[in-house]
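The values are calculated or read from the model by the stated rules, or taken from the named source; none is laboratory data. Here the structure is a predicted model, which means the values were calculated and not measured. Don't worry about glycine lacking a Cβ; one is built from the backbone with ideal geometry, like all the others, and counts go over all protein chains shown. All accessible areas refer to the heavy atoms of the entire protein, side chains included, with ligands and DNA or RNA removed. Shrake-Rupley method; radii C 1.70, N 1.55, O 1.52, S 1.80 Å.
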Amino acid sequence: MKSKALFIAFLIIGLLIAALINRRGDLALLSLPFLTYLMTGFFLTPGRVRVKVVRSFDRPSAPAFTPIRVILTITNEGAAIKDIRIRDVIPDGIELVEGKAQEVVSLSEKETINLSYTFKAPCGTYSWEEIQTTSSDPLDLFPSTLFFSAAGDFLVWPGGT
């Protein structure tokens, strides 16, 4: 539970305890808007995120400091998701030159989208393992972060400019 939701829950409990101690119904009524806010977030929280991710590159290998395009093909295998943040966990040593490794998108049921970015790097082997997804209710009270496998390796050899 996120700290915002926890704060609201403690506020509701505090108001209800104060109403019981002081025997004042108007204090108990003050907790209703907060309770409504908390329950709205709870009931509008999306279900479990189920996506399939395939990572590909525009070429199998490249010389050092040559721009390389990464394409993530993401298929929603669950219910529709409004506002899901997808973040590629990129290896150290990579410099992004175009695009972003993070996007906020909406996915309808069975929808497939492509996200891409371009990087360059010094020589070496670079390995990707997973992507991170974060979805939440519209009030951002109950965020859920999950990791999905999206393995990929790329070889950058010496000789680039």
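Brief remarks follow.
- Overall form of the chain per C-alpha gyration tensor (a/c, 1.5; a/b vs b/c): prolate
- The charge dipole of the chain, taken about its Cα centre with unit charges on the Cβ of Lys, Arg, Asp and Glu (plus for the first two, minus for the last two), comes to roughly 420 debye.
- Taking amide H atoms as placed 1.01 Å from N in the peptide plane, the amide H of residue 65 lies under 5 Å from those of 121, each 5 or more residues away in sequence or on another chain.
- Fully extending the segment from residue 4 to residue 157, taken as 0.36 nm per residue of separation minus the present Cα-Cα distance, adds 50.3 nm.
- Relative contact order of segment 19-161: 28 percent, from C-alpha pairs under 8 Å at least 6 residues apart in sequence.
- Average Cα contact separation per residue, segment 1-40, under 8 Å, 6 or more apart, as relative contact order %: 44
- Taking the protein heavy atoms of segment 51-117 in the context of the full set of protein chains, the accessible area attributed to carbon and sulfur is 48 percent at 1.4 Å.
- Computed on protein heavy atoms with a 1.4 Å probe, the accessible areas place 157, 128 in the order 157, 128, largest first.
- Rel. contact order, % - alpha carbon contacts under 8 angstrom, at least six apart, segment 79-123: 48
- 5 angstrom amide H check on residue 130, placed H, neighbours 5+ away: 89, 150
- Lysine pair count for the chain [Cα-Cα under 21 Å; pairs on different chains or 8 or more apart]: 8
- Sites residue 102 and residue 16 - FRET efficiency at Förster radius 45 Å, r taken between beta-carbons, to 0.05: 0.65
- Gaussian network model of the chain, Cα within-10 Å springs - most flexible of 26, 58, 140: 26
- Annotation: extensible slack from residue 59 through residue 130 equals 23.6 nm (criterion: 0.36 nm per residue apart, minus Cα-Cα distance).
- Compared with the dominant principal axis of the Cα atoms in the chain, helix 3-22 is inclined by about 10°.
- Inter-site label distance for residue 48 and residue 139 at 7 Å from Cα along Cβ, in nm: 2.6
- When +1 charges are put on Lys and Arg Cβ atoms and -1 charges on Asp and Glu Cβ atoms, the dipole computed for segment 68-161 relative to its Cα centre reaches about 220 debye.
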